[in-house]
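S.K.: What follows is a single structure, and I will ask about it in a moment.
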Amino acid sequence: MRISPYRHRLGTAVLLGLTLLLTGTTAAAPATAAPARAAACKGAVVHTVDAAQSGTLPPLCIAVGGIVRVVNIGPGSLVAKPATGVDCFYAAGTYQCRLIRTGTVRLTLGARELAVRVPASVPGQPSTACTPAGGVVNLDTTEEMPWWSPCLRIGATLRVVNLGPGLLAYSPADAVTCHYEGGVHACQFRRPASVVFTATRDADSTRSVTVVAVR
């Protein structure tokens, strides 16, 4: 049977139209958005945030003992919550905030908020914000400035100096061993912990600090 040229051209046009329609439909299909990825966790390190840069502050994940360092910021411009989870001090346009307990810390910078997740540890990641094993950290009870929470790795020594015998308390007591000699309390940590040290020189002179011990 002979097919007329008219019908042949009509069939070709229909096929071409269907092809273009299917191609257009495929191209117009919305792309599936990739799920938001959680912040990769770092060890107990120093992480710097520039407050002068605009935009949202991406969440962080830094192990306990680490430091969030906020630069280019004025005094009184940062609020840290909860106060029991972080210890901050300000100097020369910079806040240094030590993460002293696990959980979530929120740093408010004006209208912006920085959320920091604080795990107990991150296997395989360094703890460069902490004094290494064999190192020594001194806390002098005669200093006028408030103590700032230090972080020590197991094997480092904390020395509380210029303090008489029986005047240093610490909790939890099973996490640390201290020895006294000549006005110095030398303490080493038995396990990772956040230990509160309280030194009492007299009834009117008591100071406390949270010390973080990590592996």
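S.K.: Residues 142, 177: which one is in contact with a Lys or Arg (Cβ under 8 Å, 6 or more places away or on another chain) and more than 19 Å from residue 65 (Cα to Cα)? Don't jump to the end; show me each part of the working.
M.R.: Working: 142 fails: in contact with a Lys or Arg (Cβ under 8 Å, 6 or more places away or on another chain).
Of the residues listed, the single one that is in contact with a Lys or Arg (Cβ under 8 Å, 6 or more places away or on another chain) and more than 19 Å from residue 65 (Cα to Cα) is 177.
S.K.: Being buried (at least 18 other Cβ atoms within 10 Å of the Cβ) and without any contact (Cβ under 8 Å) to a residue 40 or more places away in the chain is the filter here; which residues of the range 71-93 pass it? So that I can check it myself, show each step before the final result.
M.R.: Taking the range 71-93 first, the residues buried (at least 18 other Cβ atoms within 10 Å of the Cβ) are 73, 78, 80, 85-88.
Matches in the range 71-93: 73, 78, 80, 85, 86, 88.
S.K.: Now for a different question. Among the numbered conditions (1) within 28 Å of residue 41 (Cβ to Cβ); (2) part of a strand (DSSP E or B), tell me where residue 129 comes up short.
M.R.: Evaluating residue 129 over (1) within 28 Å of residue 41 (Cβ to Cβ); (2) part of a strand (DSSP E or B) leaves (2) as the failure.
S.K.: Here is a further query. Go through the range 69-120 and give me each residue that's assigned to a strand (DSSP E or B), β-branched (Val, Ile, Thr) and either modelled with pLDDT under 95 or within 24 Å of residue 213 (Cβ to Cβ) (or both). I'd like the intermediate steps shown before the answer.
M.R.: Step one: filter the range 69-120 for residues assigned to a strand (DSSP E or B), giving 69-71, 78-81, 86-91, 94-99, 103-109, 112-118.
Subsequent filtering for residues that are β-branched (Val, Ile, Thr) retains 70-71, 79, 86, 94, 104-105, 108, 116, 118.
Within the range 69-120, 86, 104, 105, 116, 118 qualify.
S.K.: Could you tell me how many of the residues in the range 94-142 are among the basic types (Lys, Arg) and surrounded by fewer than 16 Cβ atoms within 10 Å (Cβ to Cβ)?
M.R.: So in the range 94-142, the residues among the basic types (Lys, Arg) come out as 98, 101, 106, 112, 117.
When the remaining residues are screened for being surrounded by fewer than 16 Cβ atoms within 10 Å (Cβ to Cβ), the result is 106, 112.
Matching residues across the range 94-142 total 2.
S.K.: If you don't mind, another one. When the range 191-215 is examined, which residues are found to be free of Cβ contacts under 8 Å to residues at least 24 places away in the same chain, part of a strand (DSSP E or B) and either touching a Leu at 6+ places or on another chain (Cβ under 6 Å) or of a type outside the set (Gly, Ala, Ser) (or both)?
M.R.: 202, 206, listed by residue number.
S.K.: How about the range 179-197: which of its residues are more than 25 Å from the chain's Cα centre (by Cα), surrounded by fewer than 16 Cβ atoms within 10 Å (Cβ to Cβ) and at negative phi? Outline the logic, then answer.
M.R.: Here is the first cut: in the range 179-197, the residues more than 25 Å from the chain's Cα centre (by Cα) are 179-187.
From what is left, the residues that are surrounded by fewer than 16 Cβ atoms within 10 Å (Cβ to Cβ) are 179, 181-184, 186.
If the condition is that a residue be more than 25 Å from the chain's Cα centre (by Cα), surrounded by fewer than 16 Cβ atoms within 10 Å (Cβ to Cβ) and at negative phi, then 179, 181, 184, 186 are the ones that fit.
S.K.: Let me ask another. So in the range 152-176, with the set limited to residues that are in a loop (DSSP other than H, G, I, E, B) and under 24 Å from the mean Cα position of the chain (by Cα), which one is surrounded by the fewest Cβ atoms within 10 Å (Cβ to Cβ)?
M.R.: Residues of the range 152-176 in a loop (DSSP other than H, G, I, E, B): 155, 162-167, 172.
After this cut, where a residue has to be under 24 Å from the mean Cα position of the chain (by Cα) as well, the list is 155, 172.
Values: 155: 14, 172: 11.
By that ranking, first place goes to 172.
S.K.: Additional query: What are the residues in the range 125-172 that are of a type in the set (Asp, Glu) and in contact with a strand residue (DSSP E or B) (Cβ under 6 Å, 6 or more places away or on another chain), if any? Steps first, answer last, please.
M.R.: The first filter runs over the range 125-172 and keeps only residues of a type in the set (Asp, Glu), leaving 140, 143-144.
Once the filter is applied, which keeps residues that are of a type in the set (Asp, Glu) and in contact with a strand residue (DSSP E or B) (Cβ under 6 Å, 6 or more places away or on another chain), the range 125-172 yields only 140.
The values are calculated or read from the model by the stated rules, or taken from the named source; none is laboratory data. Just so it is clear, the model here is predicted, and its values are computed rather than measured. Backbone-built Cβ (ideal geometry, glycine too); neighbour counts: all protein chains shown.
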